[in-house]
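> I'd like to ask you about the structure that follows.
The numbers here are math on the coordinates, done by the rules we state, and not lab data. None of these values were measured; they are calculated from a predicted model. We place every Cβ from the backbone using ideal geometry, glycine too, and count neighbours over all the protein chains shown.
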Amino acid sequence: MGVLSNKVILITGASSGIGEATARHLAALGAHVVLGARRTDRLETLAADIAAAGGSAHFQALDVTDPASMDAFVVFALEITGTIDALVNNAGIMPLSPFAALKTEEWNRMIDVNIRGVLHGIASALPVMKAQGFGHFVNLSSIGGHRVWPSCGVYSATKFAVRAISEGLRMENDDIRVTIVSPGVVESELADTISDPGARAAMQAFRAVALSPDAIARAIGYAVGEPSDVDVNEIIVRPVATVE
């Protein structure tokens with residue numbers, strides 16, 4: 001019996017990176033994981049891998065920018081499991097660029113995924129958790145939610161917002177746990193979304209000391225594995241050797 005035995009945990013952005021690593025880790029700890037992302041081919045492979053290792057996983061297509069898609073994801077989980085112990089709001093994008101590049105479409109996309117995606121997750125799952133009398137939101141911010149670098153202004157703004165949203169949610173609910181996880185530089189596909197050449201080159205140097213996504217998965221596992229009367233408010237995870 002794992003530390004998360006029979007816990008039902010939903011994970012957005014589960015098709016790669018931190019989301020995928022978190023799914024594997026929590027399933028290994030005994031959780032029933034419900035995986036959401038747009039790339040269902042990857043989710044299918046991940047769910048099969050988890051099942052082959054003795055774990056429990058289900059998946060459904062999910063676009064976190066669409067409230068109806070998020071509602072359907074939560075309903076899907078409830079139909080299978082009957083409850084929701086935690087939602088990991090992990091989906092995010094990071095197309096960095098200087099303001100002078102005027103990549104307004106990318107700015108709006110970051111706002112849609114990184115901020116609205118978290119809010120949609122809260123809006124869909126909070127009523128379920130309040131009816132149950134328990135629940136746990138794990139919201140992924142970033143070290144960029146604690147400070148700002150050149151070309152990171154909009155991205156950092158979205159991650160500062162995640163921290164503000166999470167703290168407000170925690171203060172309003174004494175029966176719901178809320179954890180902010182702020183990773184430093186991590187191996188992932190996020191850098192692949194950077195279209196600005198200068199920002200892409202800077203990020204490649206920045207990622208020379210990147211952590212494995214497993215490090216963030218373990219932090220999430222710790223937070224959700226604590227007893228129900230313990231709320232781990234915030235975790236920052238960074239490489240020991242850092243260029244930040």
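> Highest GNM mean-square fluctuation, the chain, Cα pairs closer than 10 Å: which of Ala125, Ala53, Ala23?
Ala53
> Ratio of alpha-carbon Rg to the 2.2 N^0.38 Å globular estimate for region 76-144, to two decimals, please.
1.41
> Can you work out ³J(HN,Hα) from phi for every residue in region 83-100, in order, using Karplus 6.51 cos²θ - 1.76 cosθ + 1.60 and θ = phi - 60°, giving whole Hz and x for Gly and Pro?
Computed from phi, the couplings for region 83-100 are 7, 9, 8, 7, 10, 9, 7, 9, 4, x, 9, 8, x, 5, 5, x, 4, 5 Hz.
> Antiparallel as a % of all DSSP beta bridges within the chain, to the nearest 5?
0
> When the Karplus curve 6.51 cos²θ - 1.76 cosθ + 1.60 is applied with θ = phi - 60°, which whole-Hz ³J(HN,Hα) does each residue of region 140-145 get, with x for Gly and Pro?
So the Karplus estimates, Gly and Pro as x, are 8, 9, 5, 4, x, x Hz.
> Choose one of Ala27, His58, Thr81: the residue whose Cα lies farthest towards the positive end of the charge dipole of the chain (beta-carbon charges +1 Lys, Arg; -1 Asp, Glu; about the Cα centre).
Ala27
> Let me ask something additional. Give the long-range amide H neighbours of Val138: residues separated by 5 or more places, or on another chain, with amide H under 5 Å away, using H modelled in the peptide plane at 1.01 Å from N.
Under 5 Å from the amide H of Val138 lie the amide H atoms of Leu87, Val88, Asn89, Thr179, each far enough along the sequence or on another chain.
> Can you tell me the alpha carbon radius of gyration of region 135-187 divided by the globular rule-of-thumb value 2.2 N^0.38 Å?
Scaled against compact globular proteins, the figure is 1.21.
> Which ³J(HN,Hα) values in Hz, rounded to whole numbers, follow from the phi angles of region 176-184 under the Karplus curve 6.51 cos²θ - 1.76 cosθ + 1.60, where θ = phi - 60° and Gly and Pro get x?
10, 8, 9, 10, 9, 10, 10, x, x
> What is the diffusion coefficient of region 44-89 in µm²/s, taking the Kirkwood radius over Cα pairs and the Stokes-Einstein relation at 20 °C with a viscosity of 1.002 mPa s?
Once the numbers are plugged in, D ends up at 183 µm²/s.
> Moving on to the next point. Would you report the distance distribution of C-alpha pairs in region 8-229 as whole percents per 5 angstrom bin, up to the bin with the largest distance?
1, 7, 15, 20, 21, 16, 10, 6, 2, 1, 0
> Let me ask something else. Going by amide H atoms built from the backbone, whose H comes under 5 Å of the H on Val237, apart from near neighbours?
Ser182, Gly184
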